[in-house]
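The values are calculated or read from the model by the stated rules, or taken from the named source; none is laboratory data. Just so it is clear, the model here is predicted, and its values are computed rather than measured. Positions of Cβ are backbone-derived with ideal geometry, glycine not excepted, and every protein chain shown enters the neighbour counts.
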Amino acid sequence: MTSYEEDENFGSYSVVGSFPKDFGYGPDETEETNTTENKPRILLMGLRRSGKSSIQKVVFHKMSPNETLFLESTSKIIKDDISNSSFVQFQIWDFPGQIDFFDPAFDSETIFGNCGALVFVIDAQDDYMEALSKLHMTVSRAFKVNPNIKFEVFIHKVDGLSDDHKIETQRDIHQRATDELTDAGLEGLHLR
């Protein structure tokens, strides 16, 4: 039996705060964990002027809601890295409302393949029938590429509606969206 002093590795951890390289805590650690490709991705989609960029700016960039009234309309996909801490790191891809999924330049595999969640924003103050049609098309396409994707529907700009109208709008949007998915044979897909 050998004593700990005779062990050739003894003392390799003697400096306070030091770890062997294979723990991956030192300056030699590769930066792969911080690359954008490895970060979870959230897609923000919806019709033009539905409030996608405004939601993002208020929630993640501390912009006041009044300031968002002056934001330019999004004309291309904007990728935003959110790194609030070493534990909270993800990407938000803000899509322009006029994006055409049938355009040959739109690569569904690249867009939806590594995505964790898709947030679809609907403007409650507009006629939302076109938004529901776009929601159905978007969700159907995304689900075919990535059945593990989580879908969230945000009903935005409800502050101008009465409480009864808010509830009725939410109920109507949820029912119509669910019915369309059921009719398309996508009963297993759940919108929240």
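What residue, of Asp183, Asp164, Asp159, is exposed (fewer than 12 other Cβ atoms within 10 Å of the Cβ) and within 18 Å of Gly51 (Cα to Cα)? So that I can check it myself, show each step before the final result.
Values: Asp183 fails: within 18 Å of Gly51 (Cα to Cα); Asp164 fails: within 18 Å of Gly51 (Cα to Cα).
Answer to the check: Asp159.
Looking at the range 125-155 only, could you name the residues that are over 18 Å from Glu180 (Cα atoms) and of a type in the set (A, V, I, L, M)?
So in the range 125-155, the residues over 18 Å from Glu180 (Cα atoms) come out as 125-126, 145-146, 148-149.
Within the range 125-155, Val145, Ile149 meet the criteria.
Could you check the range 65-91 and list, in sequence order, the residues that are among the aliphatic types (A, V, I, L, M), out of contact with any strand residue (DSSP E or B) (no Cβ under 9 Å at 6 or more places or on another chain) and surrounded by 13 or more Cβ atoms within 10 Å (Cβ to Cβ)?
Leu71, the sole residue that qualifies.
Among the residues of the range 161-192, how many are within 23 Å of the chain's Cα centre (by Cα), in a helix (DSSP H, G or I) and of a type in the set (A, V, I, L, M, F, W, C)?
3
Can you pull out every residue in the range 153-171 that is charged (D, E, K, R) and either in contact with a His (Cβ under 9 Å, 6 or more places away or on another chain) or without any contact (Cβ under 8 Å) to a residue 40 or more places away in the chain (or both)?
Correct list: Asp159, Asp163, Asp164, Glu168, Arg171.
Which residue is surrounded by the fewest Cβ atoms within 10 Å (Cβ to Cβ), if the candidates are limited to the range 141-154 and must be out of contact with any helix residue (DSSP H, G or I) (no Cβ under 7 Å at 6 or more places or on another chain) and farther than 11 Å from Met45 by Cα?
Asn148
Is there a residue being at pLDDT 90 or above and touching an Asp or Glu at 6+ places or on another chain (Cβ under 7 Å) anywhere in the range 40-47?
yes
Run down Thr138, Thr169, Thr110 and say which single residue is out of contact with any helix residue (DSSP H, G or I) (no Cβ under 9 Å at 6 or more places or on another chain), buried (at least 16 other Cβ atoms within 10 Å of the Cβ) and under 18 Å from Leu44 (Cα atoms). Let's see the steps before the verdict.
Values: Thr169 fails: under 18 Å from Leu44 (Cα atoms); Thr110 fails: buried (at least 16 other Cβ atoms within 10 Å of the Cβ).
Of Thr138, Thr169, Thr110, the one residue that is out of contact with any helix residue (DSSP H, G or I) (no Cβ under 9 Å at 6 or more places or on another chain), buried (at least 16 other Cβ atoms within 10 Å of the Cβ) and under 18 Å from Leu44 (Cα atoms) is Thr138.
Kindly establish whether Asp94 is in contact with a Ser or Thr (Cβ under 7 Å, 6 or more places away or on another chain), under 13 Å from Leu44 (Cβ atoms) and surrounded by 14 or more Cβ atoms within 10 Å (Cβ to Cβ).
yes
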